[in-house]
Amino acid sequence: MTVSRKSRSAQNDRESRLWKVGWALGLAFAAAVVVAGGIFYGLVVLLDFKEIDSTAKLDAKTLFDLVKLSFGVVAGAGALVALVVAYRRQRVDEAGAHREATRLHTERFSQAVDKLGSDSPAVRLGGVHALAGLADDAPDDSLRQTCIDVLCAYLQLPFTSDPGGDPAHQEEHHRYLANRKVRHTILRLIGDHYRRPKGTPRSWQGCDLDLTGVTIDGDIDFTGAVFSSGQVSFNGAVGRLPMGFSLLSALPFLRRSGFLPLG
């Protein structure tokens, strides 16, 4: 998971990196000179131009044409500079907008994580849905992956089995049921997002999914979910085989991911 996350971060850095103005202008002028030279050479070849008459005198009309050509070159250079500056300004604005979106995402992320750590089951459920919504709205893949990692980390917390309906353990039983509801909501959201086609809104396909050591204590519907891309790990996970996984068709995937079906 670390390798793919680093590659996503490096890709985002490359996308937001800006060249220095001097380099950008120099390359733009060089490209313009090469293009102009190529066009001039092509015209010379097409017109079958043999040689330039060096004995011809410079009359007023020719001088005026040269002046117009000079002004045209200056105007073209100015337009080229304006184009480079406008492009750079656009990239700077895009980078600023991305930073602002990242800042807002970070603030919402902190609030959602605080909710996930609450003692109230209802607040934790709100935190789960908030993190799932943040993953959907994340401005880049690395931030989406962070939200998914937090949800997976919650599922990896130590699992406490049901103490039963004994009145002496009623409080523990209610606590188990509340935590079970939160866990099942996370698993349901994972199934919902991984069954959406890759590249469509709210799809998590292509993101890493680390369910190492997770206990699935109920019927979870993964029908139509696709885990074909990204790094997926069920290593050490135990529980019922999720719906949508027939044991025969899912056996190669289960062996690779380390899932241990109990029934």
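Okay, here's what the table says:
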item	result
Members of region 179-233 found to be over 21 Å from R124 (Cβ atoms), surrounded by fewer than 19 Cβ atoms within 10 Å (Cβ to Cβ) and of a type in the set (S, T, Y), listed by number	T200, S203, T212, T223, S228, S229
Meets criteria (of a type in the set (S, T, Y), in contact with a helix residue (DSSP H, G or I) (Cβ under 7 Å, 6 or more places away or on another chain) and in a loop (DSSP other than H, G, I, E, B)) for T160	yes
Residue within region 128-145 that is more than 23 Å from G230 (Cβ to Cβ), surrounded by 14 or more Cβ atoms within 10 Å (Cβ to Cβ) and hydrophobic (A, V, I, L, M, F, W, C) present	no
Top-ranked residue of region 148-171 - restricted to ones that are of a type in the set (D, E, K, R) and surrounded by fewer than 15 Cβ atoms within 10 Å (Cβ to Cβ), ranked as modelled with the highest pLDDT	E171
Pair list, Cβ < 7 Å and 6+ apart or interchain, from region 100-124 residues that are closer than 14 Å to V150 by Cβ to residues that are of a type in the set (S, T, Y) and surrounded by 12 or more Cβ atoms within 10 Å (Cβ to Cβ)	L116/Y154; R124/S118
Hey, V74 among the β-branched types (V, I, T), assigned to a helix (DSSP H, G or I) and exposed (fewer than 12 other Cβ atoms within 10 Å of the Cβ) or not	yes
Single residue of region 104-127 satisfying the filter (among the aliphatic types (A, V, I, L, M) and more than 23 Å from I220 (Cα to Cα)) that is surrounded by the most Cβ atoms within 10 Å (Cβ to Cβ)	A112
Lone unmet requirement of (1) under 22 Å from D119 (Cα atoms); (2) touching a Phe, Trp or Tyr at 6+ places or on another chain (Cβ under 7 Å); (3) touching a residue at least 24 places away in the same chain (Cβ under 8 Å) for P163	(3)
Output for region 120-174, where each listed residue is farther than 21 Å from T212 by Cα and among the basic types (K, R)	R124
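The values are calculated or read from the model by the stated rules, or taken from the named source; none is laboratory data. Nothing here was measured: the structure is a model prediction, and the numbers come from that model. Using ideal geometry, Cβ is built from the backbone for each residue, glycine included, and neighbour counts are taken over all protein chains shown.
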